[in-house]
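The structure appears below as structure tokens.
The values are calculated or read from the model by the stated rules, or taken from the named source; none is laboratory data. On a predicted model such as this, the values are computed, not experimentally measured, just so you know. Note: ideal-geometry Cβ built from the backbone for every residue, glycine included; neighbour counts use all protein chains shown.
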Amino acid sequence: MKQLMSLLLMIFTLAAFQPVATATNGNIAKSEGVSHELKITNSGEISGKVTDAETQETLPFANVALKRNGIMLHGVATDLDGFYTFNGLPPGTYDLEVSYVGYQVFKQTDIPVAIDQLVTVNVTMTSEMLDVVIIPAYREPLLIPGKSPSSYNFGRKDMQNMAVKKPLDIISNSAGIFQGDQGEGISVRGARVGSTLYIVDGVKVDNINGIPSNGISQMEVITGGIPAKYGDATGGVIVITTRSYLDNH
């Protein structure tokens with residue numbers, strides 16, 4: 001009896017460690033050798049806290065709406081501590097609207113979000129006495145958390161106002177970047193031309209020669225302090241976000 005149990009246990013163990021295979025159109029496709037390329041995210045985030053202007057107490061379950069060009073994109077409610085978060089945002093300019101029962105509607109317009117940028121917008125709301133909507137002007141902080149000090153951002157307006165129009169020629173205007181002739185490759189801080197890493201909409205590409213500047217929403221040039229998510233880039237990193245439907249309206 002013990003020998004029989006040992007034999008059954010051995011058969012079960014061998015069967016459990018057999019390689020998994022699936023049949024597709026009569027052919028056997030093994031799972032070995034399959035590789036998946038990870039997409040690098042280059043999105044931003046807007047977060048903050050909603051409080052009462054007089055008591056400084058947090059306001060839970062306040063309605064927070066995120067808009068872009070008049071189109072509502074996301075809506076959330078603050079948590080028990082009055083915090084809200086919008087993550088995974090493509091680079092661009094956003095509007096924030098906060099409403100709460102018994103308080104005046106709060107609106108914050110023209111909030112710029114760059115690649116990999118964490119924007120903090122804290123909201124203070126006043127008790128509703130008149131039918132007034134508060135729209136303060138957004139002021140970008142001097143120091144942006146999570147942003148490399150050796151990085152430069154080029155928006156659509158920046159690129160439109162430049163004399164050169166090709167992306168590589170625009171990038172060559174940044175400090176620490178050398179370009180031999182117009183239209184040629186770039187060298188970042190003395191590194192070889194081929195050591196520059198190019199990321200377009202989260203996907204690694206060999207070059208950006210075929211991308212017109214009018215098709216770019218935002219471009220970030222990182223010459224130092226490269227984030228770990230970009231891997232073993234020995235030169236610089238060029239991150240490009242192309243224009244979307246919302247950029248055209």
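Summary of computed values
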item: Test: Lys157 is outside the structural domain of Ala114 (by TED's automatic domain parsing) and closer than 25 Å to Asn69 by Cα; result: yes
item: Hits in the stretch 63-72 (condition: without any contact (Cβ under 8 Å) to a residue 60 or more places away in the chain, touching a Phe, Trp or Tyr at 6+ places or on another chain (Cβ under 9 Å) and either farther than 14 Å from Val98 by Cβ or not β-branched (Val, Ile, Thr) (or both)); result: Asn63, Leu66, Lys67
item: Test result for Val237, at pLDDT 85 or above and within 18 Å of Arg189 (Cβ to Cβ); result: yes
item: Residue among Ser35, Ser31, Ser47 that is within 37 Å of the chain's Cα centre (by Cα) and either more than 30 Å from Asp232 (Cα to Cα) or at pLDDT 50 or above (or both); result: Ser47
item: Positions within the stretch 58-90 being of a type in the set (A, V, I, L, M) and assigned to a loop (DSSP other than H, G, I, E, B), in sequence order; result: Leu59, Ala62, Leu80
item: Filtered residues of the stretch 98-143 (kept if crowded, with 17+ Cβ neighbours inside 10 Å and either modelled with pLDDT under 65 or assigned to a helix (DSSP H, G or I) (or both)); result: none
